[in-house]
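Peer 1: Before I ask anything, let me first share the structure, which is written out below as structure tokens.
The values are calculated or read from the model by the stated rules, or taken from the named source; none is laboratory data. A quick note: this is a predicted structure, and the numbers were derived from the prediction, not measured. As a convention, Cβ positions derive from the backbone with ideal geometry for all residues, glycine included, and neighbour counts pool all protein chains shown. Heavy atoms of the whole protein, side chains included, go into the accessibility calculation; ligands, DNA and RNA do not. Shrake-Rupley method; radii C 1.70, N 1.55, O 1.52, S 1.80 Å.
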Amino acid sequence: MDKKKVAFYTMGCKLNYAETSTIERKFSNLNYEHVSFKEVADIYVINSCSVTKNADSEFKYIVRSFMKKNSKSFIIAVGCYAQLNPKEISYIRGVDMVLGSEEKFKITDYLNKVLLFKRYPAKIISKKTSSYFSSYSIGDRTRSFLKIQDGCDYKCSYCIIPMARGPSRSESIENILKKIRLLFNKGVKEIVLTGINIGDYGKKIYGIHERRPYTFFDLIQAIDQIKEKGRIRLSSIEPNLLKKECIEFLSKSKHFVPHFHIPLQSGSNDILGKMQRRYRRELYQEKVKIIRNLIPDAYIGSDIIVGFPGETHKHFLETFHFLKKLEISSLHIFSYSERPHTKSIAIHGKVSKKIQWKRNKILRILSKKKYLFFCERQIYTKKTVLFENDSTNNEYLYGYTENYIRTKISSNPTFQNTLQNVLLTEVDKDGIMISKSIR
């Protein structure tokens, strides 16, 4: 019997990549052949996102592209969009099955119980999410994403993720350490700790009934005791949850790299209040100052939302001037997107798409300047770069320094998936740092 070909497409965050990889492994010992989503497959699995309207539109586009490749393919939707709007997805032509956040981890069980033929509307299997499922990515990637936490108890007025992901809950420290050792022993050189709200780690640890037996600080201290060699990188962490004691510890860590991604969302306290964020800009400024004092060369990235309801020109200028003075390395800028059932929909003062676009562009230009300035300060410094597996480029190998500077070096196949000491020499026209090897 011929093996059925299965392909996966992942949208959205690092956590989704960790979960897709976990789902892929469920197919490994069964009668399926893994192929790229760019190829013709019998089954396509789309791990969806629903942070913005654009994500919903992208999902529909991906479904159409898979149908063009194989009109008889069986298409399964999983992920946040599938959890939030299963009925809506079930009526998208081409989708045959919709699995909720818990059900997606039992995907092979469901496939064994159904005939893989096209159906309309799609079959929905979904319930409210509350369980915790361990996940990590491994395979072609040079680095691995390891899930340590899921869900969120915060009530930011614009955010739909708590509805899709459920309440904050965590993996046990013991299981996290076990997974880190496993990944390092399999040759992974860098692990990124991911979750929806990783600074909230310790709530509802799977299998432990105490209210909060551990904190995020407990976790990073335990991780740093691991004897296996490898780098650990943090994904996004809320500014109010990044405690001074954590920054001080990370500044001396043997495993954790000097890289912080701390979402700000707005430099205006008025807008932060409307967003129902749990801090004011002064706290954010203080955290950046502590990092810069303790780890001068640390990369500090941030998220900003422009065009939030009620954001006037004055509010935007507050954000711009606040960011301009702030010693951060780069920005991820998002234009506000209305999400159903969020409180921000009812806030007066909608900002037009045209103004959103202009504000987005202004901050993107500022971000490029900040990143270039950050990189130029690193010229002629020695760094350690993790070079990626890439057979498509014969001229250069690419990778990231410990402080997250995108770097390239003249191609040397022996450097692939290895940590190499380099000297940073100049920034090219694309904003990539050119480096040379130090023996």
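Peer 1: To one decimal place, what Kirkwood hydrodynamic radius in Å is obtained for segment 199-319 from all pairs of distinct Cα atoms?
Peer 2: When all Cα pairs of segment 199-319 are included, the Kirkwood radius is 16.0 Å.
Peer 1: With charges only on Cβ, +1 for K and R and -1 for D and E, what is the dipole size of segment 177-300 about its Cα centre, in debye, rounded to 20? Let's see the in-between values first.
Peer 2: On the way: 25 positive and 13 negative charges, 63 e Å.
For this selection, approximately 300 debye.
Peer 1: Classify segment 91-199 from the C-alpha gyration tensor, please: rounded if a/c falls under 1.5, else prolate or oblate depending on whether a/b exceeds b/c.
Peer 2: Oblate shape, in that a/c is at least 1.5 and b/c is the bigger or equal ratio.
Peer 1: Of S101, S130, V114, which is farthest towards the positive pole of segment 93-139's charge dipole, taken about the Cα centre with +1 and -1 on the beta-carbons of Lys, Arg and Asp, Glu respectively?
Peer 2: V114
Peer 1: Also, quick follow-up: Please enumerate, by chain and number, the lysines with C-alpha under 18 Å from the C-alpha of K314, excluding those fewer than 8 residues away in the same chain.
Peer 2: The reachable lysines, counting only those whose Cα sits under 18 Å from K314, are K274, K324, K325, K350, K353, K354, K358, K361.
Peer 1: Along the charge dipole of the chain, pointing to its positive end and built from +1/-1 on Cβ of Lys, Arg, Asp and Glu, which listed residue (N269, T425, C80) has its Cα farthest out?
Peer 2: Looking along the dipole axis, the top candidate is N269.
Peer 1: In the structure displayed, which of K14/K178; K186/K429; K289/K382; K53/K189; K72/K186; K60/K203 lie more than 31 Å apart, Cα to Cα? Write down the numbers at each step before the final one.
Peer 2: Details: K14/K178 20 Å; K186/K429 36 Å; K289/K382 24 Å; K53/K189 36 Å; K72/K186 38 Å; K60/K203 35 Å.
Over 31 Å apart, Cα to Cα: K186/K429; K53/K189; K72/K186; K60/K203.
Peer 1: Ratio to report: Rg/Rh of segment 3-115, with Cα atoms as the point set and Rh obtained by the Kirkwood method; give two decimals.
Peer 2: On the way: Rg = 12.7 Å, Rh = 13.9 Å.
That ratio equals 0.92.
Peer 1: Collect residues whose amide H, placed 1.01 Å from N in the peptide plane, falls under 5 Å from the amide H of V427; neighbours closer than 5 in sequence don't count.
Peer 2: Amide H to amide H, under 5 Å and 5 or more residues apart or across chains, V427 pairs with I434.
Peer 1: When the dipole is taken about the Cα centre of the chain, and only Lys, Arg (+1) and Asp, Glu (-1) are charged at their Cβ, what size is it in debye, to the nearest 20?
Peer 2: Working: 77 positive and 44 negative charges, 149 e Å.
With Lys and Arg at +1 and Asp and Glu at -1, about 720 debye.
Peer 1: Here is a further query. Which value, in debye to the nearest 20, gives the size of the charge dipole of segment 53-105 about its Cα centre, when Lys and Arg are +1 and Asp and Glu are -1 at the Cβ?
Peer 2: Working: 9 positive and 6 negative charges, 73 e Å.
It works out to roughly 340 debye.
Peer 1: Under the Karplus relation 6.51 cos²θ - 1.76 cosθ + 1.60, θ = phi - 60°, what is the ordered set of whole-Hz ³J(HN,Hα) values for segment 81-93, x standing for Gly and Pro?
Peer 2: 4, 5, 6, 7, 10, x, 5, 4, 5, 4, 9, 7, 4
Peer 1: Can you compute 3J(HN,Hα) from phi for each residue in segment 286-300, using the Karplus curve 6.51 cos²θ - 1.76 cosθ + 1.60 with θ = phi - 60°, rounded to whole Hz and x for Gly and Pro?
Peer 2: 5, 5, 5, 4, 4, 4, 5, 5, 8, 9, x, 8, 5, 7, 10
Peer 1: Another question, if that's okay. Ranked by accessible surface with a 1.4 Å probe, highest first, in what order do C375, C159, C13 come? Before the final figure, lay out the partial values.
Peer 2: Details: C375 0, C159 40, C13 60 Å².
Listed by decreasing accessible area, they come as C13, C159, C375.
Peer 1: Shifting gears a bit: If amide hydrogens are placed 1.01 Å from N in the peptide plane, which non-local residues have theirs closer than 5 Å to the one on I124?
Peer 2: The list, which skips near neighbours in sequence, is V98.
Peer 1: Which Cys residues of the chain have no other Cys beta carbon under 4.7 Å away?
Peer 2: C13, C49, C80, C152, C246, C375 - these cysteines have no disulfide-compatible partner (Cβ-Cβ under 4.7 Å) in the chain.
Peer 1: Mind grabbing the accessible area of S135 for me, 1.4 Å probe, Å², rounded to tens?
Peer 2: Its heavy atoms expose roughly 0 Å² to the probe.
Peer 1: Over all directions, how big on average is the projection of the convex hull of the alpha-carbon atoms in the chain, in square nanometres?
Peer 2: Details: hull surface 88.3 nm².
The number I arrive at for the chain is 22.1 nm².
Peer 1: Further question on the same structure: When DSSP beta bridges are limited to those with both residues in the chain, what percentage is antiparallel, rounded to the nearest 5? Numbers along the way, then the final one.
Peer 2: Working: 21 of 64 bridges.
Roughly 35 percent of the beta bridges in the chain run antiparallel, per DSSP.
Peer 1: Which of S57, S253, S90 ends up with the largest GNM mean-square fluctuation for the chain, with Cα atoms connected below 10 Å?
Peer 2: Of the options given, S57 has the highest mean-square fluctuation.
Peer 1: Rounded to the nearest 5, what % of the DSSP beta bridges within segment 107-228 are antiparallel ones?
Peer 2: Working: 3 of 9 bridges.
Close to 35 percent.
Peer 1: With unit charges on the beta carbon (Lys/Arg positive, Asp/Glu negative), name the residue among H341, V385, I409 whose Cα is farthest towards the positive pole of the charge dipole of segment 282-439.
Peer 2: H341
Peer 1: Residue-wise, which Karplus ³J(HN,Hα) couplings in Hz belong to segment 10-26, taking 6.51 cos²θ - 1.76 cosθ + 1.60, θ = phi - 60°, and x for glycine or proline?
Peer 2: For segment 10-26, the Karplus-derived couplings read 10, 10, x, 8, 4, 4, 4, 5, 4, 6, 4, 4, 5, 5, 4, 5, 5 Hz, x marking Gly and Pro.
Peer 1: Long-range amide H contacts for H332: which residues qualify at under 5 Å (H placed 1.01 Å from N, peptide plane, sequence gap of 5 or more or a different chain)?
Peer 2: Placed amide hydrogens put S302, D303, I304 under 5 Å from H332.
Peer 1: Of the candidates K38, K343, K14, which one comes out as most mobile in a Gaussian network treatment of the chain with C-alpha springs shorter than 10 Å?
Peer 2: Maximum among the listed residues: K38.
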